[in-house]
Structure formats: C-alpha cells, structure tokens
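Novice: Please read through the structure below; I'll follow up with questions.
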Amino acid sequence: MGANYEESQASVSKKEFENKISICLKEAKESNYWLRIIKELGIGDQKECIRLVQESSEFSNIFASIIVKSKSHN
C-alpha cells in the first residue's frame, strides 16, 4: 500500500492518481484478508493481529473515500 500511495502523490494525471489509489485499496483488502486468516489460525500475538485487522480496514475506508471524492470532482 505504502509504495503505491507514494506513487499516487507523484501522479501526472487524475486518472493515474485514481488508478494508484485503487491499487492501494486492493492491497489493503488483500492485507486484511491475510491478517484475518492469521488471526483465525491463532498465529502470533492475537491483540496485535486484531489491531492490524482494524488498521487495514481503516486504510480500506480511507482509500475508498479518496476514490469516491476524486471521481465526484470529474
């Protein structure tokens, strides 16, 4: 997510920006998926895993909001 977000900040067009943020959203959702699996398997520190699941959900919400706002300004 981080690398794609950084790239979005250097976008040369609105379309490129939206594309990079869309990739961030996909990556956040994938991270959330794997973190939920790790949590369900009981691997590692469960408190930390729960925190990371929540954080990845928050990132998804942030990126989705950026996409909606960017598209509404077309």
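Quick note: the coordinates plus some simple rules give every number you see, no bench work behind them. Keep in mind that what you see is a predicted model, and the values were worked out from it rather than measured.
Novice: Which whole-Hz couplings ³J(HN,Hα) result when phi for each residue of the range 18-27 is put into the Karplus expression 6.51 cos²θ - 1.76 cosθ + 1.60, θ = phi - 60°, listed in order with x for Gly and Pro?
Specialist: Karplus values, whole Hz, x for Gly and Pro: 4, 5, 5, 5, 4, 5, 4, 4, 4, 5.
Novice: Please build a GNM for the chain, connecting alpha carbons under 10 Å apart, and tell me which residue among Leu25, Leu52, Leu41 fluctuates the most.
Specialist: Among Leu25, Leu52, Leu41, the largest mean-square fluctuation in the Gaussian network model of the chain belongs to Leu41.
Novice: Starting from the Cα coordinates of the range 2-72, work out the convex hull volume and express it per residue in Å³.
Specialist: 69
Novice: At 37 °C and 0.692 mPa s, what whole-number value in µm²/s does Stokes-Einstein give for the translational diffusion of the range 1-40, with Rh from the Kirkwood sum over Cα pairs?
Specialist: It diffuses with D of about 307 µm²/s by this estimate.
Novice: Continuing with the same structure: Among Ser13, Ser57, Ser22, whose mean-square fluctuation peaks in a Gaussian network model of the chain (Cα, cutoff 10 Å)?
Specialist: In the Gaussian network model the winner is Ser13.
Novice: Continuing with this model, one more query. Relative contact order (percent) for the chain, with alpha-carbon contacts under 8 angstrom and 6 or more residues of separation?
Specialist: Over the chain, the number comes to 33 percent.
Novice: Which entries of Lys15/Lys39; Lys47/Lys71; Lys29/Lys71 show an alpha-carbon separation above 31 angstrom in the structure shown? Write out the running numbers ahead of the final one.
Specialist: Numbers: Lys15/Lys39 36 Å; Lys47/Lys71 37 Å; Lys29/Lys71 20 Å.
Over 31 Å Cα-Cα: Lys15/Lys39; Lys47/Lys71.
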